[in-house]
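Take a look at the structure set out below.
The values are calculated or read from the model by the stated rules, or taken from the named source; none is laboratory data. Keep in mind that what you see is a predicted model, and the values were worked out from it rather than measured. All Cβ positions, even for glycine, are placed from backbone atoms using ideal geometry, and neighbour counts span all protein chains on display.
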Amino acid sequence: MEGMSAMSMEEAQELLAGRDLIAIGARGDDERRRRHGTRTTFVRVFEVHVDAVPRTFPATAEAGEIRVIGRPHSVDAAVAAVTRALTLAAGASVTAFSLADLVDLAAGRLPELFASLRAGGLELVAEAPIDMLQDAAGVIRMAHDAGLMVPRVTVHAGSTDPAELIGRIRDLQAAVGGIRAFAPLPRTSSIAHPSTGYDDVRLVATARLLADNIESIQVDWARYGPKLAQVALTMGADDVDSVSALQGDLGRRRSPLEEIKGNIKAAGLEPVERDGHYKVRA
């Protein structure tokens, strides 16, 4: 995409060390709007555990993505869970598993595992935690060779040098392609070095500026909550993951769908619902 030249690692480190959150956020927001305008995508996710995929979909739920979570104990269990999830999905996108868990499960036989999952109907691996993969590029190439897409890169526990981690993801995209979204906020919190909301939104802005070859910067609605997600959308993020698929019993106006739409609009942005393939839902 034409526009500003790529940010250097030194510039990213200076940005992360800076204290002027307004200036940092403005730069992230400028870049986000240059790419996407006010368009802000979100996905409603219904999670099912690999060992307990339900037979029927809840009557009060509507999802753009069925996500199989948990670590499978065998290849057969992984394939069986995918098969059940595809039946449950009835046309919705199905994503499954952490790429790091699949590496551990495969015990050196990744091509065979990927081929089995693809033969079982899987198209999308749910996430690739960059800090848990020793050879992320090699693993993703194997997945691509088997016909599996890996559109989402996440961070499991963070890094003492987040600029270096973001740079690795930029290099990963250049090497293998196919990454649609990067979620820069860690999935687990560090007890020794807990982050603050200030740190989180600064990281989002820096990720948008440094990971210049990745389409979307993502924030997790369920994990980080509506307030931080809304702020992140004004500082570089353009995609919201893990909006609840359950409508609840508080009425349509207070459903997760209406809440996410309302929060996006309150930030001066346009909500657009997508599915797990990053396609707009009708």
Q: Could you please let me know if Ala143 is small (Gly, Ala, Ser) and either without any contact (Cβ under 8 Å) to a residue 12 or more places away in the chain or farther than 30 Å from Phe57 by Cβ (or both)?
A: no
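Restricting to region 79-98, name every residue that is of a type in the set (Val, Ile, Thr) and part of a helix (DSSP H, G or I). Steps first, please.
The first filter runs over region 79-98 and keeps only residues of a type in the set (Val, Ile, Thr), leaving 79, 82-83, 87, 94-95.
Residues satisfying the conditions are Val79, Val82, Thr83, Thr87.
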Q. In region 226-241, what count of residues is obtained for those that are crowded, with 24+ Cβ neighbours inside 10 Å and part of a helix (DSSP H, G or I)?
A. 3
Q.
Of everything in region 89-105, what is among the aliphatic types (A, V, I, L, M) and at pLDDT 95 or above? Give them in sequence order.
A. Val94, Ala96, Leu99, Ala100, Leu102, Val103, Leu105
(Q) Here's a check for you: in region 15-26, which residue that is modelled with pLDDT under 80 and part of a helix (DSSP H, G or I) is surrounded by the fewest Cβ atoms within 10 Å (Cβ to Cβ)? (A) Ala17
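Does Leu99 meet the test of being within 29 Å of Thr160 (Cβ to Cβ), under 19 Å from the mean Cα position of the chain (by Cα) and of a type in the set (A, V, I, L, M, F, W, C)? Walk me through how you get there before you give the answer.
Values: within 29 Å of Thr160 (Cβ to Cβ): yes; under 19 Å from the mean Cα position of the chain (by Cα): yes; of a type in the set (A, V, I, L, M, F, W, C): yes.
Considered against the rule, which asks whether it is within 29 Å of Thr160 (Cβ to Cβ), under 19 Å from the mean Cα position of the chain (by Cα) and of a type in the set (A, V, I, L, M, F, W, C), Leu99 comes out as yes.
Quick one: would you say Asp29 is among the charged types (D, E, K, R) and either surrounded by 18 or more Cβ atoms within 10 Å (Cβ to Cβ) or within 26 Å of Asp171 (Cα to Cα) (or both)?
Working: among the charged types (D, E, K, R): yes; either surrounded by 18 or more Cβ atoms within 10 Å (Cβ to Cβ) or within 26 Å of Asp171 (Cα to Cα) (or both): yes.
Taking the combined requirement at face value, the residue satisfies it.
From the list Asp30, Asp76, Asp101, which residue is among the acidic types (Asp, Glu), without any contact (Cβ under 8 Å) to a residue 60 or more places away in the chain, closer than 25 Å to Glu273 by Cα and assigned to a helix (DSSP H, G or I)? I'd like the intermediate steps shown before the answer.
On the way: Asp76 fails: closer than 25 Å to Glu273 by Cα; Asp101 fails: closer than 25 Å to Glu273 by Cα.
None of the other options fit; the residue is Asp30.
To keep it simple, each residue is scored yes or no on (1) within 23 Å of the chain's Cα centre (by Cα); (2) closer than 20 Å to Leu269 by Cβ.
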position: Arg19; (1), (2): no, no
position: Gly25; (1), (2): yes, yes
position: Glu47; (1), (2): yes, no
position: Val50; (1), (2): yes, no
position: Arg71; (1), (2): yes, no
position: Ser74; (1), (2): no, no
Q: Please list, ordered by first then second residue, the pairs with beta carbon atoms under 9 Å, 6 or more apart or interchain, first in region 52-69 and more than 11 Å from Ala245 (Cα to Cα), second among the charged types (D, E, K, R) and not in a strand (DSSP E or B).
A: Val53/Arg84; Pro54/Arg84; Arg55/Arg84; Val68/Arg84
Q. Counting only residues that are of a type in the set (D, E, K, R) and either modelled with pLDDT under 95 or farther than 12 Å from Asp239 by Cα (or both), which one in region 262-282 is nearest to the chain's Cα centre (by Cα)?
A. Lys279
Q: Please enumerate the residues belonging to region 64-85 that are touching a helix residue (DSSP H, G or I) at 6+ places or on another chain (Cβ under 8 Å) and surrounded by 15 or more Cβ atoms within 10 Å (Cβ to Cβ).
A: Ile66, Val68, Arg71, Pro72, Val75, Ala78, Val79, Val82
Q. Has region 194-208 got any residue that is at pLDDT below 95, of a type in the set (Lys, Arg), over 17 Å from the mean Cα position of the chain (by Cα) and surrounded by fewer than 14 Cβ atoms within 10 Å (Cβ to Cβ)?
A. no
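Regarding region 211-225, can at least one residue be identified that is crowded, with 24+ Cβ neighbours inside 10 Å and of a type in the set (Asp, Glu)? Let's see the steps before the verdict.
Within region 211-225, the subset crowded, with 24+ Cβ neighbours inside 10 Å is 211, 216-219, 221.
Of the ones still in play, those that are also of a type in the set (Asp, Glu) are none.
No: region 211-225 contains no residue that is crowded, with 24+ Cβ neighbours inside 10 Å and of a type in the set (Asp, Glu).
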